[in-house]
1. Order these by the 10 Å Cβ neighbour count, fewest first: LYS133, LYS253, LYS82.
2. Can you tell me the orientation of helix 421-436 relative to the chain, as the angle in degrees between its alpha-carbon axis and the longest Cα principal axis, to the nearest 10?
3. Could you sort out which of LYS145/LYS167; LYS146/LYS374; LYS253/LYS278; LYS39/LYS207 sit more than 18 Å apart by Cα distance in this structure?
4. Which net charge results when you count Lys and Arg as +1 and Asp and Glu as -1 among the other residues whose beta-carbon is under 11 Å from that of THR222?
5. If we count every other residue with Cβ under 11 angstrom of ASP174's Cβ, Lys/Arg +1 and Asp/Glu -1, where does the sum land?
6. What is the helix-to-structure angle for 89-103, meaning the angle in degrees between its Cα long axis and the longest Cα principal axis of the chain, kept from 0 to 90 and rounded to the nearest 10?
7. Just rank ILE240, ILE380, ILE111, fewest to most, by other beta-carbon atoms within 10 angstrom.
8. Order these by the 10 Å Cβ neighbour count, fewest first: PHE329, PHE223.
Amino acid sequence: MITNHGIHQWEIMPGLPDTGGQNVFVNQFSAALADKGFKITIVNRGGFSHPTTGELRVGLTYKNDNQRILFLDDGLAKFVRKEDMGERIPQLFQALLEHFSKEGMCVDLIISHYWDGAELGVLFNSSLHTPVKHIWVPHSLGVVKKRNINPLQWSTLRIDERIVNEKKILLEVDEVTATSAIIRQSLKQDYSYQSSPLFLPPCVDSKRNRPHTIGNNHSIWTFLSQQSGISPEEVRKSQIITEISRTDTTKRKDILIKAFARVNKKYPETLLAVTIDKTNGLLTKELMALIRSLDIEKRIAVLGSVWGELPDIYAVTDIYCTPSVMEGFGMTPQEAAATKVPVISSDLVPFVMEYLLGDEVEEVPYGDETHRLKVGYGAIVVPTDDIAGFALAMEMLLSREAFRRQMGENAYKTTIPYFTWEDRVRVFLEDSYCRLGL
């Protein structure tokens, strides 16, 4: 498994730069393969200190006999954002080649993630005496991202370079795996990829993310109290709206905060739990300043790393809300749905649009009557960046408990058992064996 960017570890810390759904996907996918007897080495760029713990990320770290992470030291002792990772590929290749040459271990299959992982995989595979099969999982695609973000950001995010790299990669790998219908459609229409890709959507660890009862004395109340400005007792009385993602402009946390501020005036016993990485710099400062300017500091629990607490946060959440405009799939709304939490999202979250919304959708006009909420089976969808729409969707669920609970039940039924790793990986392996003759 090659996943170059982000801060990879066994317990992912959501919110760290370039660290989120892809890292969780790789770990859970690897665990599902390990359960079937495979031995997996997860390759990640290291050589620099962990931004939170300060631990130097080098060498090997084992989860068990079948799973390990190899941190590659490319000689640059600092974090590199994913957009700039291509410049580090030659050094990462040398580090990877040196490790496997010294270890003398054979590789039977390469599964790479994102374009930067694929580039390293192609280079490493070409160095083998007998190249092996290489499956690429892009997670998202440059053309899709280009459509969803402001053109002023294209240059900074090196979108056109990425698209060129992706088109080249498609000619160099043996198979491509789509994680959503949007990726599958873009591969065909935007990249002229004529083959039918394999399919492996992100799935849920149903042992970790599941409905469970939280007692009055549970530590999660104190935890949320410490991250906000209200007592544990007040937290318990609150209706909680949650958003978990890395701190990035594409997640539109500012839209969420502004919408929540409107809702909180009408429903003062509400609490927003949102991840904001304190080390993110300018964007973090802007978001914290926005919270202060709206005078809602006491009603927002600003979360950092919550991997350990996350299942319990979902369990006490009344509504999960994501205004994100850039999702390869939508793993955190999927985790919330697996905990019987209804979802509000933008119209650019594949999991919600393709699955949670369902077939029978009611369109609810608002504002000047040209804007419409899509009220579906397990989710409400709001037009992108529409603050008023997100506020209205929250009010609809907050004001109608039975409706909210039913939508949460529906979200759960859509997610479990279809989106479980055991089921999806079995199908993926069967298809892979047929296609590649493994």
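No lab work stands behind these numbers, since they all come straight from the coordinates. Just so it is clear, the structure is predicted and the values come from calculations on it, not from any experiment. Ideal geometry is used to build each Cβ from the backbone, glycine not excepted, and the neighbour counts take in all protein chains shown.
1. Listed from fewest to most nearby Cβ atoms, that is LYS133, LYS82, LYS253.
2. 30 degrees
3. Those over the limit are LYS146/LYS374; LYS39/LYS207.
4. Values: positive: ARG236; negative: GLU233, GLU309.
Computed value for this residue: -1.
5. On the way: positive: LYS133, ARG435; negative: GLU172, GLU175.
My count for the surroundings of ASP174 gives 0.
6. On a 0 to 90 degree scale, this one is about 60.
7. On the way: ILE240 20, ILE380 28, ILE111 25.
Starting with the residue having the fewest Cβ neighbours, the order is ILE240, ILE111, ILE380.
8. Values: PHE329 28, PHE223 20.
Sorted ascending by nearby Cβ count, the order is PHE223, PHE329.
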